[in-house]
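Pasting a structure below so you can have a look.
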Amino acid sequence: MKRSPTLPRRRQERRRLAGMTLVELLVAMALGLLVTLAATAALVVARRGFTTVDAASQLRDNARFATDAIQRLAVQAGYRDLSYAASRRGNAIGISADPVPNISGFDNGIANRTSADTVTARTASDGYGDVLILRHQASETFPGSGEIDASMIDCAGYTADALAANRDDMRTSIFFVASSNDGEPTLMCYRSKNGSPPFAGSVPLVRGVENFQVLYGVDGVIAKTAIDPTNISMKADTVPEKYLRAEQLTVAGNDVATRANWRRVRSLRIGLVLRSEVGATQELKTQTLYPLGGPAFGSSDDVGTIFTAPADGRVRQVVSFTVHLRNDQGL
């Protein structure tokens, strides 16, 4: 009996149709799993990188806005309308010989809504921050017009609703850091319709500002000491000689001398630390930051000038800048 020639061919076809063995299947699954894991890891790293870049970009935008806002208000500080600035301070009725300084501040506190002369203590969730108080006057379109030219704004961006009633009628803006409604430290400001306390509710300016430091460039001022008019070396000009913190401009028990020191501020040194949301970076390590620009400005006596950032997975950016004042603070 002859064997059919198609039988070996059928067996070969059956073998081809039998599929993979269990070993082959396991090897294929392992290789597929490795490819999937590698692709997932690459996607996670790329996404984290994108998140970090996006957070850094947002911080730069926030820093630019905060810098512009503070600089604009600082160069306005001490501005008086032409009708008052063109004449010397005299003994006219209602005009004080010892006016409130156009620039003042406090170290490491939270501004008080009902008073520009006091601050409240900070809690751990409030971040670190000084209080900066800036005052300016509204500007008239031209002498005698009775109309405001809207070139001067307060920290919330509002213009004055009325011209100054006298040379000491100033509008007040206060910068400080406090917790927002969601607990995130935020650069805030106080302002009011008439420029005086009580202020309206705090206006949030920049979210994520956890440190706000201010130093004052002074001319002819010795820390915590009243100005001696007979001391030629303390004669004032327009150039700052040193930078002091707010507490060093205070003369204990002598408000008149304290105000005189504040009127010799010629520039501001501002430092900010801004932070992103949690999880914006893969690095989990503590950092030592200097908001005012370097170790030379850091001091254990000034809380926050040496800032240790926790390992919380946030991107942080330090911003330091100096503003030289445009207006005479002694008018």
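Just so you know, all these numbers are worked out from the coordinates, no wet-lab data involved. Keep in mind the model is a prediction, meaning the values are calculated, not measured. As a convention, Cβ positions derive from the backbone with ideal geometry for all residues, glycine included, and neighbour counts pool all protein chains shown.
Under the Karplus relation 6.51 cos²θ - 1.76 cosθ + 1.60, θ = phi - 60°, what is the ordered set of whole-Hz ³J(HN,Hα) values for region 150-159, x standing for Gly and Pro?
Couplings: 6, 7, 9, 10, 8, 5, 9, x, 8, 8 Hz.
Then there is this: Between helix 22-76 and the chain, what is the angle of the helix's C-alpha long axis to the longest principal axis, kept within 0 to 90° and rounded to the nearest 10?
Roughly 10 degrees, rounded to the nearest 10.
So for region 198-310, considering every pair of alpha-carbon atoms, how many percent are separated by more than 23 Å?
46
Helix-only mean residue ellipticity at 222 nm, the chain, DSSP H runs n ≥ 4 weighted -39,500 (n - 2.57), per residue, nearest 500. What is it?
When only DSSP H runs of four or more count, the value is -8000 deg cm²/dmol.
Amide H to amide H under 5 Å from SER104: which residues, 5+ apart in sequence or cross-chain, H placed 1.01 Å off N in plane?
Those qualifying (amide H under 5 Å, at least 5 residues apart or on another chain) are ILE133.
Which of these, ALA39, ALA309, ALA160, has the largest mean-square fluctuation under a Gaussian network model of the chain (Cα springs below 10 Å)?
ALA39
I want to verify a result. In a Gaussian network model of the chain, Cα cutoff 10 Å, which of these has the top mean-square fluctuation: LEU25, LEU33, LEU244?
LEU25
Can you tell me which of 165-174, 273-282 comes out highest on packing, and rank the rest after it, using the mean Cβ neighbours within 10 Å?
165-174, 273-282
Which residues does the label zone of VAL256 cover in region 216-243, counting backbone N under 17 Å from a point 7 Å along Cα→Cβ?
225-231
Now for a separate question. Assign one of three labels to region 110-239, namely rounded, prolate or oblate, based on the Cα gyration tensor with a ≥ b ≥ c the square roots of its eigenvalues; rounded applies when a/c is under 1.5, prolate when it is not and a/b is larger than b/c, and oblate otherwise.
oblate
Over region 48-324, what relative contact order in percent results from Cα pairs under 8 Å that are six or more residues apart?
Once normalised by length, the contact order is 18 percent.
Starting with the highest mean, order 129-138, 260-269, 293-302, 65-74 by the number of other Cβ atoms within 10 Å, averaged over the residues of each peptide.
129-138, 260-269, 65-74, 293-302
Using the Cα gyration tensor of region 120-160, with a ≥ b ≥ c the square roots of its eigenvalues, what is the shape: rounded (a/c below 1.5), prolate (a/b larger than b/c) or oblate (neither)?
Since a/c reaches 1.5 and a/b is larger than b/c, the shape of region 120-160 is classed as prolate.
In terms of the Cα gyration tensor, with a ≥ b ≥ c the square roots of its eigenvalues, is region 157-219 rounded because a/c is under 1.5, prolate because a/b exceeds b/c, or oblate?
Cα axes put region 157-219 in the oblate bin.
Here's something else I'd like to know. Note the angle between two axes, namely the Cα long axis of helix 7-17 and the longest principal axis of the Cα atoms of the chain, as a number of degrees from 0 to 90, rounded to the nearest 10.
Tilt relative to the chain: about 20 degrees.
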